[in-house]
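The values are calculated or read from the model by the stated rules, or taken from the named source; none is laboratory data. If you're wondering where the values come from, they're calculated on a predicted model, not measured in any experiment. Reconstructed Cβ throughout: ideal geometry from the backbone, glycine too, with neighbour counts over all protein chains shown.
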Amino acid sequence: MSATRNRVRSLIDRHGLRLKKKLGQNFLIDDAIIRKIVDAADITSDSLVVEIGPGVGNMTTYLLERAGHVLAYEVDRDLASVLQNEFEEHPRLTLIVDDVLKRRLDDDLEKLLNSFEEVVVVANLPYYITTPFLMKALEEARHIDRYILTLQLEVAKRLTAEKGSKDYNALSVIIHHLTDPQFLFSISQHVFLPKPEVKSGVIHLDVRSDHVPAELETFFDFVRTSFKQRRKTLLNNLHKGYAIPKDSLQNFLQKQGLDPRVRAESLSPTDLKKLADAFVEYFFS
């Protein structure tokens, strides 16, 4: 049994903790896996690391060994009390007891930024906040350079999927537009306490700096509309979503060099961005 597994069981017993299923509390308890995730983050003393949902601090311990500073968000006050007790106001740990989805991330980061060369998010994300957190952070947080995230395996594959694959969807396109995503490895349910019903996966997202925030909402709407009904053609989805006559859409697609029978899943994120820009100019300028 690993040292981390023993530590977690001891803390649960000592503090009388009751894990809250609604908060997605599944703690990583395998030292080798935690070390592998931290290694993948490639952090140094010049890194400011953001951890979401540190729980009882299993990964936090490893992060503090390498990072210049760790900014951790914990919404559960019972777990936050354990963290405060375990780390005893560690000088390189800032703990914010709040829901990260309600925070202005850049405001929190700017208090610590001056001392570090990069900001890296390393987190075993509660499954229920994965998409809301990622979209909020990628759209709002200008200072984050990359993410190393442990997610439900199905979601991890979807976020990193390439065109033409069964996992490729609107969210895949949006993530590819905002980052360079990479699937790293899968994780068994057996390295968590309590054991979740599904496997997990670890992904690496390098944030792109070349997108224009003001254009994101229009592009995202176009992508979601394009994938609205997966079995339907792009033409049919755009017709239904924007109430544009089919003959006009057919002419538009042909001018873009596309067969009107094309489906969104066969187009790359780059293709879809170019198409979205042309679509707005053709129909709404």
Restricting the search to segment 218-242, which residues are farther than 16 Å from Asp277 by Cα and within 21 Å of the chain's Cα centre (by Cα)?
Phe227
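For segment 86-110, which positions are modelled with pLDDT under 90 and exposed (fewer than 14 other Cβ atoms within 10 Å of the Cβ)?
Quick first cut of segment 86-110, residues modelled with pLDDT under 90 only: 86, 88-89.
Scanning segment 86-110 gives Glu88, Glu89.
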Meets criteria (assigned by TED's automatic domain parsing to the domain that holds Phe185 and closer than 27 Å to Arg142 by Cβ) for Val97
yes
The condition of being modelled with pLDDT of 95 or more, more than 27 Å from Lys36 (Cα to Cα) and surrounded by fewer than 20 Cβ atoms within 10 Å (Cβ to Cβ) holds, among Thr218, Thr233, only for Thr233
Tell me which of these Tyr168 doesn't satisfy, since it passes every other one: (1) surrounded by fewer than 17 Cβ atoms within 10 Å (Cβ to Cβ); (2) over 26 Å from Lys102 (Cα atoms); (3) among the hydroxyl-bearing types (Ser, Thr, Tyr).
(1)
Some residue of segment 32-39 being more than 22 Å from Ile187 (Cβ to Cβ) and modelled with pLDDT of 90 or more
no
Of all residues in segment 191-215, which are among the aliphatic types (A, V, I, L, M), in contact (Cβ under 8 Å) with a residue 12 or more places away in the chain and surrounded by fewer than 19 Cβ atoms within 10 Å (Cβ to Cβ)?
Val198
Give just the number: which of (1) closer than 21 Å to Arg14 by Cβ; (2) among the β-branched types (Val, Ile, Thr); (3) surrounded by fewer than 22 Cβ atoms within 10 Å (Cβ to Cβ) does Val38 not satisfy?
(1)
Would you say Lys166 is out of contact with any Cys (no Cβ under 8 Å at 6 or more places or on another chain), closer than 14 Å to Asp30 by Cβ, part of a loop (DSSP other than H, G, I, E, B) and in the same structural domain as Thr130 (by TED's automatic domain parsing)?
no
